[in-house]
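Working notes, beginning with the structure itself.
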């Protein structure tokens, strides 16, 4: 019999079938999947939500619920994990395979220090003393690039940035030197610069330690940057497998071609403002805007936005770009009257927001629309989609109740390309893309003069994102509302924005038309942002990675 060490296979999946028992009948999630991953190789499994990619990967660690029925063979470093009991699974988790979860905030326990959580995993699988486990935890934090690990080992998860928390999750996964790491959307919620750092860390693990990596993602730019081979899944089946260069150069399956075609790319389009917009009175004017948060427990005041100036004309889409902590969401909240202005001037719809009283601004709220990053949490789960969309109309007196607003709601749902029958469904009965369309319908319910969209597509599959962005562009042109589009994705900004403002640590690093800022960036920070954006082409991405390395420590 050939052993795993002889074949070089870290994972060998043969004829995998997974079925979930539900109240509505059995759901066949994975069908006849066969895949393998070698040591020192990155296999990317790509596909839309519901394609079966995460279920396939979780089978490697036996992380499926009790309602799952699994058939086939899943060899993990020579051990068939299908049918292993709880004790057998505990023996392979962490030592033979470990998982990097999509959302580090939920993967880390908020009431324990990160050092304690790292040490807990070590002591659960080995004979570490308390002192040895702490030393190993410090070593692992240093290995993934956490500064001052000797001090920060005693910090809690909330004291780290999103990118640092993801590094800590990676450190936890690496602690016992597993043969394979399963990375489930490890960069989805991260800024492009932080994403580039995480991808660089995973690349070093592959190259220096020979770690096998199963990468679950819908970001084809990340695939081009990191993967060696790619498996494309659709409706629970693998429809195409190929080396990464071959797949991008000559995809054979129609679904793969559609996935690649849907990826937003920097086109550097010079969009013209609507006629008369430049001479009309601006919807928003910020002049030396300052926003500060009071310090707590003797800490000094934190200045989140520092002397920022810009304007938004009627019908204009302004892209507000920057990393987490740059101040972009704070500015959006200030424009909406949800965060007080500390200094300078901010005029919204002709109202000065510095010192404004809520009763003064309340009558202008009907002219503001919102599209949130995660519609699943912004919708009331106990209300139907129609009731959720009707809510702004009812609050502002446009309708007595949801039934009275139904004609308007049906019109809005059809405008965002959702059948009006979807109005009778609840939020959990819609897909992510459908919920985001419904969220857009709610944002437009009052025919706003200004729409604030805060990262509205960051969590969507690439093909769903493309459809939502196309729809957004059509609606913006049709209804003519001004838009503040907050994002960290420069390719999305390129698709929509007339002008771009780049924020860095609360200050404007660069501003201008989308063509000027994206096509000929002047500021080193902007150049770093653009170089950090992975593109769906392995050869081009390798060249961009070299540029990113050159500008890595510029700012």
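Summary of values
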quantity: Yes/no for residue 238 being outside the structural domain of residue 118 (by TED's automatic domain parsing), outside any helix (DSSP H, G or I) and crowded, with 19+ Cβ neighbours inside 10 Å; calculated: yes
quantity: Any chance residue 253 is touching a strand residue (DSSP E or B) at 6+ places or on another chain (Cβ under 8 Å), within 24 Å of residue 467 (Cβ to Cβ) and surrounded by fewer than 19 Cβ atoms within 10 Å (Cβ to Cβ); calculated: yes
quantity: Residues satisfying the stated conditions in segment 378-390, i.e. part of a helix (DSSP H, G or I) and either more than 19 Å from residue 452 (Cβ to Cβ) or not assigned by TED's automatic domain parsing to the domain that holds residue 411 (or both); calculated: 385, 386, 387, 390
quantity: Matching entry among 555, 535, 502 (being at pLDDT below 85, within 20 Å of the chain's Cα centre (by Cα) and either at negative phi or crowded, with 24+ Cβ neighbours inside 10 Å (or both)); calculated: 535
quantity: Residue within segment 454-466 that is crowded, with 22+ Cβ neighbours inside 10 Å and in contact with a strand residue (DSSP E or B) (Cβ under 7 Å, 6 or more places away or on another chain) present; calculated: yes
quantity: Single match in 48, 66 (criterion: outside the structural domain of residue 460 (by TED's automatic domain parsing), at pLDDT below 90 and in contact with a helix residue (DSSP H, G or I) (Cβ under 8 Å, 6 or more places away or on another chain)); calculated: 48
quantity: Restricting segment 105-122 to residues that are crowded, with 16+ Cβ neighbours inside 10 Å and in a loop (DSSP other than H, G, I, E, B), the residue that is farthest from the chain's Cα centre (by Cα); calculated: 113
quantity: The lone exception for residue 27 - which of (1) touching a residue at least 60 places away in the same chain (Cβ under 8 Å); (2) assigned to a strand (DSSP E or B); (3) over 28 Å from residue 536 (Cβ atoms) it fails; calculated: (1)
quantity: Any chance residue 438 is under 17 Å from residue 471 (Cβ atoms) and surrounded by fewer than 19 Cβ atoms within 10 Å (Cβ to Cβ); calculated: no
quantity: Condition met for residue 344 (modelled with pLDDT of 90 or more and within 25 Å of residue 470 (Cα to Cα)); calculated: no
quantity: Index of the failed condition, residue 472 passing every other in (1) in a helix (DSSP H, G or I); (2) more than 20 Å from residue 367 (Cα to Cα); calculated: (2)
quantity: Single unsatisfied condition, residue 403 versus (1) in a loop (DSSP other than H, G, I, E, B); (2) touching a helix residue (DSSP H, G or I) at 6+ places or on another chain (Cβ under 6 Å); calculated: (2)
quantity: Whichever residue in segment 352-402 is touching a residue at least 60 places away in the same chain (Cβ under 8 Å) and touching a strand residue (DSSP E or B) at 6+ places or on another chain (Cβ under 9 Å) and, among such residues, is surrounded by the most Cβ atoms within 10 Å (Cβ to Cβ); calculated: 371
quantity: When residues of segment 173-198 are limited to those that are closer than 16 Å to residue 462 by Cα and in contact with a strand residue (DSSP E or B) (Cβ under 9 Å, 6 or more places away or on another chain), the one surrounded by the fewest Cβ atoms within 10 Å (Cβ to Cβ); calculated: 188
quantity: Verdict on residue 413 being in a helix (DSSP H, G or I), under 22 Å from the mean Cα position of the chain (by Cα) and within 24 Å of residue 380 (Cα to Cα); calculated: no
quantity: Of all residues in segment 505-530 being over 25 Å from the mean Cα position of the chain (by Cα) and in a loop (DSSP other than H, G, I, E, B), the one that is farthest from residue 329 (Cα to Cα); calculated: 520
quantity: Helices (runs of 4 or more DSSP H) wholly inside segment 129-221 that include at least 3 residues being in the same structural domain as residue 109 (by TED's automatic domain parsing); calculated: 130-143, 149-152, 162-174
quantity: Selection from segment 337-377 of residues that are in a loop (DSSP other than H, G, I, E, B), in contact with a helix residue (DSSP H, G or I) (Cβ under 8 Å, 6 or more places away or on another chain) and closer than 30 Å to residue 429 by Cβ; calculated: 372
quantity: The listed residue being over 30 Å from residue 497 (Cβ atoms) and modelled with pLDDT of 90 or more, out of 331, 394, 335; calculated: 394
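The values are calculated or read from the model by the stated rules, or taken from the named source; none is laboratory data. In this text, all values refer to a predicted model and were calculated from it rather than measured experimentally. Cβ sites come from the backbone with ideal geometry, for glycine too, and all protein chains shown count toward neighbours.
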